[in-house]
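A quick write-up on the structure given underneath.
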């Protein structure tokens with residue numbers, strides 16, 4: 001259509017014709033009815049040949065015997081010359097054989113868009129390039145505290161199993177698969193964990209399970225199934241929690257970990273279904289999807305934090321939550337699709353949340369982020385990401401960034417100031 005690097009202004013023109021006309025009729029009317037009107041210096045044909053005027057882009061639709069649409073002309077003239085040219089276009093009163101009306105909607109200064117892009121990029125560079133110089137006292141304390149939590153990993157029993165420092169003193173424990181899972185839970189302040197380190201359940205873990213309230217927290221894959229089946233046979237398990245599909249416990253964020261532990265399922269429920277020839281993880285997801293709205297069994301999170309930011313423990317005592325309880329903070333009381341599997345279902349789920357979601361090619365969730373976090377996440381997306389859903393308005397800068405990262409679609413509740421629509425990128429309003 002035009003090159004944003006070589007022009008200054010974009011004239012937005014609205015066209016209405018009392019009849020059916022084509023694009024060639026509109027272009028012919030523009031050249032024909034302005035010829036000689038403004039003198040040789042502002043002749044449209046000469047301006048186009050010299051590159052001071054871009055090509056005329058016409059977008060019209062004919063319905064019920066009438067034609068209406070928009071026309072765009074790019075100009076590298078100065079402000080006064082562009083304004084004179086725009087005013088001259090409004091003198092056009094006929095297109096082809098039909099009476100017509102031309103109205104200039106606005107003249108957009110594309111250099112202002114460039115300036116906004118420069119300012120936004122400068123802000124990003126300032127934050128990214130000078131991050132260490134401007135680190136705050138809070139960030140330093142948080143980093144030191146997190147490091148101290150990781151260093152507190154211990155070993156227990158003759159098998160020297162990786163464990164959190166509170167696993168022997170706590171009334172409840174969380175059994176995970178490996179050392180990396182224990183480390184990740186320690187980063188989140190959960191210090192009553194112990195790892196089985198393999199499919200053969202150690203005697204130390206079996207003994208602890210009979211003395212304490214026990215939750216098993218494993219990956220929702222075949223490896224997790226095998227470990228869980230053995231634990232259910234040889235240990236005294238009270239509850240079972242699973243990581244989201246295609247995610248490992250060691251990769252989960254604190255919010256995801258707490259949510260999974262809250263949505264744990266009593267072991268007795270799994271034992272009733274274990275005779276079925278299906279993966280246990282599939283059964284757990286079916287139970288959660290079917291009973292979450294009616295009578296969910298959620299874990300009551302008990303934290304033991306102090307002013308010194310002491311590590312917190314998550315209790316394994318369940319709490320029955322009535323289905324008519326108020327929705328969580330920032331979530332509207334709307335019926336949302338359970339376990340969305342399509343782009344449409346994901347957009348319905350994200351409505352009125354004020355957040356964003358990055359999806360893979362198979363519509364699987366890569367991550368949910370606040371709108372502020374998305375500014376940092378978007379430039380770092382890899383080839384796994386296929387699209388983004390944003391419960392907010394997006395602008396041209398966002399669309400350009402999404403296209404540059406190879407995304408195939410952007411779903412948003414509004415698109416504002418879009419003057420270029422990249423080929424191959426779907427823009428889905430909701």
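The values are calculated or read from the model by the stated rules, or taken from the named source; none is laboratory data. Note that this is a predicted model, so its numbers are computed, not measured. So basically every Cβ, Gly included, is an ideal-geometry build from the backbone, and we count neighbours across all protein chains shown.
Couple of notes before you dig in:
- With respect to the conditions (1) over 12 Å from the mean Cα position of the chain (by Cα); (2) farther than 26 Å from residue 112 by Cα, residue 417 lacks only one, and its number is (2).
- Restricting 158, 162 to those that are assigned by TED's automatic domain parsing to the domain that holds residue 198, farther than 16 Å from residue 192 by Cα and at pLDDT 80 or above reduces the list to 158.
- Tally, over the range 52-73, of residues that are within 41 Å of the chain's Cα centre (by Cα) and more than 15 Å from residue 31 (Cα to Cα): 9
- Selected residue (criterion: modelled with the lowest pLDDT) from residues of the range 84-120 that are in a loop (DSSP other than H, G, I, E, B) and surrounded by 13 or more Cβ atoms within 10 Å (Cβ to Cβ): 96
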